[in-house]
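Structure first, then comments.
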Amino acid sequence: MLVLGIETSCDETGIALFDGERGILAHSVYSQVEVHAAFGGVVPELASRDHVRKILPLIKQTLAEASVEFDELDAVAYTAGPGLIGALLVGSSVARSLAFSLDIPALGVHHMEGHLLSPLLDDNPPSMPFLALLVSGGHTMLVDVQALGDYRILGESLDDAAGEAFDKVAKMLGLGYPGGPAVESLARTGRSGRFRFPRPMTNRPGLDFSFSGLKTFTLNTVNEFGDVDSVRADIACAFVEAVVETFVIKCRRALNQTGLKSLVVSGGVSANLALREGLSTMARPLDVAVHYPRLEFCTDNGAMIAYAGYRRLREGVNESLGFEVRPRWALDSLAAPGKPGAL
Ligand code: KG4
Ligand code: ZN
């Protein structure tokens, strides 16, 4: 089965071709970073317009790269939510029209299920059940994944998502947008131990997260000491250490609680090498295997959407021609394929 994947939930246009036997045949991501950089964050209307400009050329380019013709496609999978409503509508209307004209199925995919399954595109994929730590710009969640569509959210952020905290701290430190990679590289030049930031919500039981207090603590430290370059690097380092240790503590707790022996970490922040190192070190003595997506599949991309669509289509999931997109969509409202309420 050859599936075209289309991702347009935020500020990346992602297109990919996934084949059930041969895997990813081609994928391209166009990032709108330059469009939004001047505003210090994503401007929804500009995002929609840029998706309109880029989506068709990018689909044609991706098919050409894989030497695939439109009539060879078996299905189209697209992000139906959660995300920016205008951006979602661009991807879904193109996907639906294309599928209609080719007389093939189209399937709306949950963006976070795409992230959750992205490590399965690896050569050495984890098998379910596993614990998933989803860390993106909009979401932070710990999920008990028993099977495709069988998701129990064990904990999530009560305020800012981890990626959002990275982006805001980047702004405080005078770094550009997007902030995650910039904070990561500045942190690497900082001294560990010069500052110690709080590890939010780790002293009480439970698996929820909160990053707004840590953000304020960082802002106060920047205001007090941040006028020297080298000190700003120390602050970035303290912030990253606090985030990493918070995730290490919560993941260890969730692994102990569930007895799961495999941990999947995905979403934009999973590209962070300090986080990868911290989680891998934590997991070793527990005999837990940790899986990450390939770096190019950590942030938004079409490959994870093509793959998630393929997994559901393979189970016989079908959708009627009408469609809706959902700016807000709870991951644990999904059902396993074939069960009542399933996509
Ligand atoms: O998954 P993603 O591409 O988009 C959403 O679904 O939100 O995640 C984007 C987020 C941004 O907040 C970005 O700053 C963060 O992931 N990010 C990182 C790194 N690379 C991207 N955060 C920390 N370290 C990184 N290396
Ligand atoms: Zn994402």
- [ ] Please report, in debye to the nearest 20, how large the charge dipole of the chain is about its Cα centre when each Lys and Arg carries +1 at its beta carbon and each Asp and Glu carries -1 there.
- [x] 960
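May I ask you to compute the full-extension gain from S31 to S127, defined as 0.36 nm times their residue separation minus their alpha-carbon distance, rounded to one decimal in nm?
31.5 nm
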TODO: Determine, at each q value in 0.15, 0.22, 0.24, 0.32 (inverse angstroms), the log₁₀ of I(q)/I(0) that the Debye formula gives when each Cα of the stretch 235-278 is one equal point scatterer.
DONE: -0.40, -0.78, -0.89, -1.19
Task: Among beta bridges that DSSP assigns inside the chain, antiparallel share in %, nearest 5 - done: 60
Open item on the list: Using Stokes-Einstein with the Kirkwood hydrodynamic radius over Cα pairs, what translational diffusion coefficient do you get for the stretch 157-222 at 4 °C and a viscosity of 1.567 mPa s, in µm²/s rounded to a whole number?
Closed with: 102
TODO: Please order K60, K171, K250 by the number of other Cβ within 10 Å, starting at the fewest.
DONE: K60, K171, K250
Task: Cα-based Rg / Dmax (Å) for the stretch 1-139 - done: 15.2, 43
Open item on the list: Under the rule of at least 5 residues apart or a separate chain, name every residue whose amide H is placed under 5 Å from the amide H of H291.
Closed with: L263, V264, V265
Open item on the list: Place a point 7 Å from Cα of V228 in the direction of its Cβ. Which residues in the stretch 166-203 have their backbone N less than 13 Å from it?
Closed with: 191, 194-195
Open item on the list: Contact order normalised by length for the stretch 127-292, with contacts defined as Cα pairs under 8 Å and 6 or more residues apart; what percent is it?
Closed with: 27
TODO: Using amide H atoms built 1.01 Å from N in the peptide plane, name the residues 5+ places from L207, or on other chains, whose amide H lies under 5 Å from its own.
DONE: none
TODO: Using 0.36 nm per residue of separation minus the Cα-Cα distance, give me the extension gain between S333 and D74 in nm, one decimal.
DONE: 90.5 nm
- [ ] Could you go through the stretch 145-156 in sequence order and give the Karplus-derived ³J(HN,Hα) for each residue, using 6.51 cos²θ - 1.76 cosθ + 1.60 with θ = phi - 60°, rounded to whole Hz, and x for Gly and Pro?
- [x] 9, 8, 6, 4, x, 9, 10, 10, 7, 8, x, 8
- [ ] Please state, to two decimals, what the Cα-based radius of gyration of the stretch 127-292 comes to when divided by 2.2 N^0.38 Å (N = residues).
- [x] 1.02
- [ ] Provide T140, T202 in ascending order of the number of other Cβ atoms located within 10 Å of each residue's Cβ, fewest first.
- [x] T202, T140
Task: E296 paired with S192, simple spin-label distance in nm, labels 7 Å along Cα-to-beta-carbon - done: 3.2
Open item on the list: I'd like the orientation of helix 212-225 relative to the chain: the angle between its Cα long axis and the longest Cα principal axis, in ° from 0 to 90, rounded to 10.
Closed with: 50
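Nearest 5 is fine: what % of DSSP beta bridges in the stretch 127-292 come out antiparallel, could you say?
Once the DSSP bridges in the stretch 127-292 are tallied, antiparallel ones form about 60 percent.
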- [ ] Considering the options L63, G268, M282, tell which one lies farthest towards the positive end of the dipole of the chain, charges being +1 on Lys and Arg and -1 on Asp and Glu at the Cβ, about the Cα centre.
- [x] M282
Open item on the list: Over all directions, how big on average is the projection of the convex hull of the alpha-carbon atoms in the chain, in square nanometres?
Closed with: 16.9
Task: GluC sites (Glu not before Pro) within the stretch 79-165, DSSP loop, no more than 10 other Cβ atoms inside 10 Å - done: none
Open item on the list: Suppose R0 equals 41 Å. What FRET efficiency, 1/(1 + (r/R0)^6) with r the Cβ-Cβ distance, do A147 and S93 give to the nearest 0.05?
Closed with: 0.85
- [ ] Evaluate the distance, in nm, between pseudo-label points positioned 7 Å from the Cα of N203 and of S67 along their respective Cα→Cβ axes.
- [x] 6.4
Open item on the list: Compute the helix-to-body angle for 179-188: its Cα long axis versus the longest principal axis of the chain, expressed 0 to 90° and rounded to tens.
Closed with: 40
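Pulled fully out, how much extra length does the chain show between A38 and L273, if you take 0.36 nm times their separation in residues and subtract their Cα-Cα distance? All intermediate terms of the calculation are to be shown ahead of the outcome.
Details: separation 235, 0.36 × 235 = 84.60 nm, distance 2.73 nm.
This chain segment gains 81.9 nm when fully extended.
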TODO: Could you pull out every residue, at least 5 positions away or on a different chain, whose amide H is within less than 5 Å of the one on I24? Hs are placed 1.01 Å off N in the peptide plane, and Pro or chain starts have none.
DONE: D19
Task: Debye log10 I(q)/I(0) at q = 0.14, 0.18 Å⁻¹ for the stretch 63-222, Cα point scatterers - done: -0.95, -1.22
Task: Theoretical ellipticity at 222 nm over the chain - DSSP helices of four or more residues, -39500 (n - 2.57) apiece, nearest 500 - done: -13500 deg cm²/dmol
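Any read-out appearing in this document is the output of simple, stated calculations on the displayed coordinates, not a laboratory observation. No experiment lies behind these values; they were computed from the predicted model shown. Ideal geometry is used to build each Cβ from the backbone, glycine not excepted, and the neighbour counts take in all protein chains shown.
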